[in-house]
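First comes the structure, then the notes that go with it.
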Amino acid sequence: SGMKVLDVGCGVGGPARECVRLTGAHVTGLNNNDYQIQRANIYAAKNKQENHSTFVKGDFMHMPFEDNSFDAVYAIEATCHAPVLKDVYSEMYRVVKPGGYFAIYEWCLTDSFDENSEYHKKLARDIELGDGIGKLFSTKVALQAAKDAGFEIETAIDLAHETTVSNDIPWYDGLDVRMIDFTNIQAFARSQIGRVFTTNAVKLLEKVGIAPAGTYKVQEILATGADALVAGGKEKVFTPMYLIVGRKPLN
């Protein structure tokens, strides 16, 4: 309670709201998307957290904050969109106070990724395309980037593959395509039969002008990305759960 925390790439503020609820800290969310900031403010108001959260529009490669502004800084599945990890981590280093914590939940290629495998490279490209990522970096690159930014590393672990706790259901299970699934409407839409239904419905809506031009193409790209995430998880060449925790030295 009383800490000032920065959420880098905060989306619509889900993790920020949980942080406020669980700790009482004040969380500032940084995002470059006006719509998501608007939604984050609405959700904060619904949860009566207006006095404990602020959402700011800005570029996480050039953060609009003074040096040493925050007691802690974190990013959850956001900095994978940075063109250079060291640069965004360095910005996080700049704005956190000496002794403050840094935590990253990163999307990465694992040590099992084979640069000589065309299949592995296709999976990486499909994930990048489907999820709007310029380039996926390896866990080694991410860890070295955090060190090069200046952080003293306390933890670096792939929670998707290096732990056994709570891994009975793999992280990609919800994206895995089954022939048919009536668990809920989202599960049905992700099933093979559901995809056929959704694809044809989107094509029809686009053809008659109800859905804007390009909607089907977006749906196709998202499906390709989802399939690559599942395959990358099964092959253990991709992780969305590489955790790095470190601290900015006191001096």
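The dipole here belongs to the range 1-128: it is taken about the Cα centre, uses +1 on the Cβ of Lys and Arg and -1 on the Cβ of Asp and Glu, and is about 620 debye.
The helix-only estimate of mean residue ellipticity at 222 nm for the chain, built from DSSP H runs of length n ≥ 4 each weighted as -39500 (n - 2.57), is -12500 deg cm²/dmol after division by the residue total. Among the lysines, which fall within straight-line cross-link reach of K46, defined as a Cα-Cα distance under 23 Å, with same-chain neighbours fewer than 8 residues apart omitted? Of all the lysines, those that pass the test against K46 - Cα under 23 Å, at least 8 places apart if same chain - are K4, K57. The residue among F113, G246, A45 whose Cα reaches farthest toward the positive pole of the charge dipole of the chain, with charges on the beta-carbon of Lys, Arg, Asp and Glu, is A45.
Taking every DSSP bridge with both residues inside the range 18-111, close to 10 percent are antiparallel. Between the range 1-36 and the range 51-82, the alpha-carbon centres lie 9 Å apart.
Looking at the chain, do any whole DSSP H helices span at least 24 angstrom along their long axis by alpha carbon and average 0.0 or above on Kyte-Doolittle, and which? Going by DSSP H runs, the hits are 215-235.
Ignoring ligands, DNA and RNA, please state the percent of accessible area on the range 147-251 from carbon and sulfur, probe 1.4 Å. Don't skip to the end; give the middle numbers.
On the way: 3790 of 6380 Å².
Using a 1.4 Å probe with all protein chains present, the range 147-251 comes out at 59 percent carbon and sulfur.
For K48, the aspartates and glutamates whose Cα comes closer than 18 Å to its Cα, not counting residues fewer than 8 places off in the same chain, are E18. Over every Cα atom in the range 24-89, the radius of gyration and the widest Cα-Cα span, Dmax, amount to 12.7, 36 Å. Extension gain, R178-V84: 0.36 nm per intervening residue step, less the Cα-Cα distance, totals 30.2 nm.
When DSSP beta bridges are limited to those with both residues in the chain, what percentage is antiparallel, rounded to the nearest 5?
Details: 15 of 35 bridges.
Of all bridge pairs located within the chain, approximately 45 percent are antiparallel.
Relative contact order (percent) for the chain, with alpha-carbon contacts under 8 angstrom and 6 or more residues of separation? Relative contact order comes out at 22 percent.
About its Cα centre, the chain has a charge dipole of approximately 660 debye under the convention of +1 per Lys or Arg Cβ and -1 per Asp or Glu Cβ, with nothing else charged.
Using the heavy atoms of the protein chains alone and a 1.4 angstrom probe, what is the accessible area of the range 4-113 per residue in square angstrom?
Values: 5040 Å² over 110 residues.
Counting only protein heavy atoms, the per-residue value for the range 4-113 is 46 Å².
Averaged over residues, the count of other Cβ atoms within 10 Å places the peptides 195-203, 3-11 in the sequence 3-11, 195-203, highest first.
The values are calculated or read from the model by the stated rules, or taken from the named source; none is laboratory data. These figures come from a predicted structure and were not determined experimentally. Please note: Cβ atoms are built from the backbone with ideal geometry, for glycine as well, and neighbour counts cover all protein chains shown. With ligands, DNA and RNA removed, areas are computed over all heavy atoms of the protein, side chains included. Shrake-Rupley method; radii C 1.70, N 1.55, O 1.52, S 1.80 Å.
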